[in-house]
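This report refers to the structure that appears directly beneath it.
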Number of protein chains: 2
Amino acid sequence: MKAVGIVVEYNPFHNGHLYHLQETKRQTGADCVIAVMSGNFLQRGEPALVSKWARTRMALAAGVDIVVELPYMFAVQAAKEFAAGAVSLLAALDCDYICFGSESGDIHHFTEAVKALAKQEDKYNTYLKKALKTGVSYPKASALAFQQLQIENLDLAKPNNILGFYYVKAIMEEHEQITPYTIKRIAAGYHDQTISDPSIASATSLRNMLHYSIEHLEKIAPYIPESTKKMLYEYYSTYRLFHQWNDYFPLLKYRILTMELNEMREIADMDEGLEYRFKEASMEAKNFAELIDMVKTKRYTWTRLQRTCAHILTNFTKQQKESNKKATYIRLLGMSETGRTYLKTVKKQLSLPLISKVSLLEDHPIYKQEKKAAFAYASALQEPLRTKAVKEEYATPPIGK
Amino acid sequence: MKAVGIVVEYNPFHNGHLYHLQETKRQTGADCVIAVMSGNFLQRGEPALVSKWARTRMALAAGVDIVVELPYMFAVQAAKEFAAGAVSLLAALDCDYICFGSESGDIHHFTEAVKALAKQEDKYNTYLKKALKTGVSYPKASALAFQQLQIENLDLAKPNNILGFYYVKAIMEEHEQITPYTIKRIAAGYHDQTISDPSIASATSLRNMLHYSIEHLEKIAPYIPESTKKMLYEYYSTYRLFHQWNDYFPLLKYRILTMELNEMREIADMDEGLEYRFKEASMEAKNFAELIDMVKTKRYTWTRLQRTCAHILTNFTKQQKESNKKATYIRLLGMSETGRTYLKTVKKQLSLPLISKVSLLEDHPIYKQEKKAAFAYASALQEPLRTKAVKEEYATPPIGK
């Protein structure tokens, strides 16, 4: 059996994801699709609209065969660490291919860019440092450095290209046995806030609709599979919430207000006096957007600060971040019959333990953070749903299809 | 001018307090009554029904001349530390007398008990240790030890007698210039849950009525001065809340769920494996009472565990507790004209700085905890009231009458 890996957040799963999934199968000819998926907090530092369990159900219903969790440790990180963590898990699952979406749709643009960078890494670092000194954000500085290297055919100022670039880099440098693929994305751009194409919309625009009102579930129906619609409805019926940062704002504000400065400094990504800005802003901000607006400077992107907030909320420390750079287990969130068969065949050659029961991970440092993230995620719910969601982190067996 | 000190919580101020206040003036003949009052969190580890500002207004309206804050550091502590902290502040304010309520109403019962204990302190400690080894709570063990000493005329198993005992002990041992007084309490016992006397009810029963419904404000009117009623109404109209532990339960549960065990162990009063019990209980408990019930053992009283919860909520650490044993400033919450005159006359001989502007205390270790407590207290409110209450901690000048 051949397996192809994909890296997903499915927040929520929509027709664009469906297209990518089907094209991935078609172009690679793989028998089994393995998705490594961010858990309850996402790469941009946001809580997911619905839980990882609901999103796993969406993935399986749409044709994914295996869903494994990208630990918080890698999921809520900049592109490079996110990509390296995701690729390492797909490699551990013995994937033959990894396939990601991109604007260009030509994998050679990525492999050549990786090679080009490898030859000029010193130059890149010099340009990067120089750009950082002007006070711009890290992504901006990196984009400027890439521009100066004159890497052809790939605009590394675009966030999606950056992710693809780091997937391919991780594959070429550490997992040569994997063949990278890319599929041209269609229609809606990543950050599009409005819906224009008849069946494709960005996840952002879908979330905005849903946050506005559950009644918009009907309106977004053209852009999502029927199964996604059903699962969104079920999640909302049970938990009465589509999670967003504002639901966590009371907890975040409380936490910032009652932390000591030295505790703030222990939080991951809290550097260069950011703790003072957060403290000050927390005295004034009345919602999450206000808080970020008050903390923001040219140096920090919105996304970067959202991630820092996620780290505060989930109590994720620099020490944890620094001492856990490599994935050490594979947590199975769900699988189809095909997925089950695949796992049976590769079981013995997996390079990391495959975990279905998290009680086995109890004192594992990477899982510790996962648990904190799951509990923080549940904390936006009302009782008795909060306690229900807390227990699900332990008690939910891998979802079957 | 002669001044008499009283130690209060006024949660809320009621006719029993009024009686004590008037008798205190009458019996001591003092010109000025100084109340040292717990701030937003109280000795039994509870959030106050209404803020310290509202309670200061109640006190001034009823005839108290000066209200100063008993810092969290002393307020949310066992009887001995609570009493010592309160008495030291009243001594620093140059009080001539201290007057407290008691069941016996005879000050000699207290002074003799203190003398009796002083003579047999070693015995007391031996009995105490022995009792503790049987696994009972500290207050219970202390009560048993006192019983064995056969101190006559004073039942030191009663919480109010214990407080009085420690006031007198602090006075006799460290502040001999102060004359202690006691006034016989009337009607409702400290813990009475129901109302029987026509004009006196316990604060507990009044709170229970108010927590049940704001509409009960009319029903409790016979038991509180008109001014208290007005201030309770005003507070509720502004903040839409009479604070109680359940309002903080989501924050407390979130916090326990996302703390590491080693962080739990740094919290004040978190000893002997209590952190495991709290962690476990937080996975199941759906409200505050359930949480305490699950954590409780014979060794810990409800009050003791409530205090530990207050310490978790306000992030109060062992290190803070251990390194701040003495009051170092007097924070003025309010004063009458008489109070102002008194402060003018004694200003130069005060042994601690008198603070009206807390911005002056910015980095003061005792005030740091006060700020955290004030911010945690505000965290139960909805925006924009939460932000309003946060700012009040800084911005409210001493209340005038």
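The values are calculated or read from the model by the stated rules, or taken from the named source; none is laboratory data. Predicted model, so just to flag it, every value in this text is computed and none were measured. As a convention, Cβ positions derive from the backbone with ideal geometry for all residues, glycine included, and neighbour counts pool all protein chains shown. Side chains included, ligands, DNA and RNA excluded: accessible areas come from the protein's heavy atoms. Shrake-Rupley method; radii C 1.70, N 1.55, O 1.52, S 1.80 Å.
Per-residue mean of other chain beta-carbon atoms within 10 angstrom of the beta-carbon, peptide A:271-283?
1
Expected output is a single nm value to one decimal: the length gained when fully extending between A:His211 and A:Ala289, i.e. 0.36 nm times separation in residues minus the C-alpha distance. What is it?
26.6 nm is the gain from fully extending A:His211 to A:Ala289.
Percent of accessible area on segment A:245-322 owned by carbon and sulfur, 1.4 Å probe?
50
Test of understanding: express the Cα radius of gyration of segment A:30-83 as a ratio to 2.2 N^0.38 Å, with N the residue count.
1.15
Calculate, for segment B:303-375, the solvent-accessible area per residue in square angstrom, rolling a 1.4 angstrom probe over the heavy atoms of the protein chains.
Ligands and nucleic acids excluded, the figure is 43 Å² per residue.
Within the set of other residues whose C-beta is less than 10 Å from the C-beta of A:Thr303, count the net charge using Lys and Arg as +1 and Asp and Glu as -1.
After counting each charged neighbour, the total is +2.
I'd like the carbon and sulfur percentage of the solvent accessible area for segment A:1-143, probe radius 1.4 Å, heavy atoms only, ligands and nucleic acids excluded.
The computed percentage sits at 50.
Can you pull out the buried accessible area for chains A and B, both sides counted, probe 1.4 Å, rounded to the nearest 100 Å²?
Heavy-atom accessible area buried at this interface is about 2900 Å².
Taking a label point 7 Å out from Cα toward Cβ, give me the nm distances from A:Arg240 to the same spot in the other copies, shortest first, one decimal.
Counterpart label points of A:Arg240 in the remaining copies fall at 1.5 nm.
On alpha carbon coordinates alone, what is the Rg over Rh value for segment B:118-270, Rh being the Kirkwood radius?
Taking Rh as the inverse mean 1/r over Cα pairs, Rg/Rh reads 1.06.
Enter the per residue convex hull volume of segment A:245-322, computed from alpha-carbon coordinates, in Å³ rounded to the nearest integer.
Hull volume normalised by residue count: 81 Å³.
Just the ratio, please: alpha-carbon radius of gyration of the protein assembly as shown over 2.2 N^0.38 Å, N its number of residues.
Computed over Cα atoms of the protein assembly as shown, the ratio equals 1.12.
Provide an ascending nm list, one decimal, of label-point separations from A:Lys115 to the equivalent residue in each further copy; define each label point as 7 Å from Cα along Cα→Cβ.
From this label point to the equivalent ones elsewhere in the assembly: 10.0 nm.
Just report the Cα centroid separation between segment A:1-70 and segment B:349-393, whole Å.
Taking the Cα centre of segment B:349-393 as reference, the centre of segment A:1-70 is 48 Å away.
How about segment B:356-401: which of its residues lose at least 40 Å² of accessible area in the presence of all protein chains relative to their chain isolated, using a 1.4 Å probe?
Listed by number, the residues meeting the 40 Å² cut-off are B:Lys372, B:Phe375, B:Glu383, B:Arg386, B:Thr387, B:Val390, B:Lys391.
Any idea of the accessible area per residue across segment A:29-180, 1.4 Å probe, to the nearest Å²? Numbers along the way, then the final one.
Details: 5390 Å² over 152 residues.
Computed with neighbouring chains in place, this is 35 Å² per residue.
Roll a 1.4 Å probe over the protein heavy atoms and report the accessible area of B:Cys99 in Å², nearest 10.
Accessible area of B:Cys99: about 0 Å².
Report, largest value first, the span of the C-alpha coordinates of chain B along each principal axis, in whole Å.
Projected onto the principal axes, the Cα atoms of chain B cover 56, 55, 47 Å.
What's the magnitude of the charge dipole for the protein assembly as shown around its Cα centre, counting Lys and Arg as +1 and Asp and Glu as -1 at the beta-carbon? Answer in Debye, nearest 20.
Dipole size: approximately 280 debye.
List the residue from chain A whose beta-carbon is nearest to the axis that rotates chain A onto chain B, together with that distance in whole Å.
For the rotation taking chain A to chain B, the closest Cβ gives A:Leu251, 3.
Take A:Glu226 and B:Asp155, extend 7 Å from each Cα along the Cα→Cβ direction, and tell me the distance between the two endpoints in nm.
Roughly 7.5 nm, to one decimal.
Please report, for B:Thr134, the nm distances (one decimal) from its label point, 7 Å out from Cα along the beta-carbon direction, to the equivalent points in the remaining copies, shortest first.
Counterpart label points of B:Thr134 in the remaining copies fall at 7.8 nm.
Going through the cross-link list A:Lys318/B:Lys325; A:Lys140/A:Lys371; B:Lys325/B:Lys401; A:Lys368/B:Lys391; B:Lys25/B:Lys115, which pairs have a Cα-Cα distance over 29 Å in this structure?
Values: A:Lys318/B:Lys325 33 Å; A:Lys140/A:Lys371 33 Å; B:Lys325/B:Lys401 32 Å; A:Lys368/B:Lys391 36 Å; B:Lys25/B:Lys115 27 Å.
Flagged as over cut-off: A:Lys318/B:Lys325; A:Lys140/A:Lys371; B:Lys325/B:Lys401; A:Lys368/B:Lys391.
Could you compute the FRET efficiency for A:Leu385 and B:Leu385, with r as their C-beta to C-beta distance and R0 at 30 Å, rounded to 0.05?
According to the calculation, E is roughly 0.75.
For segment A:280-399, taking Cα atoms only, what is the radius of gyration to one decimal and the Dmax to the nearest whole Å?
18.4, 57
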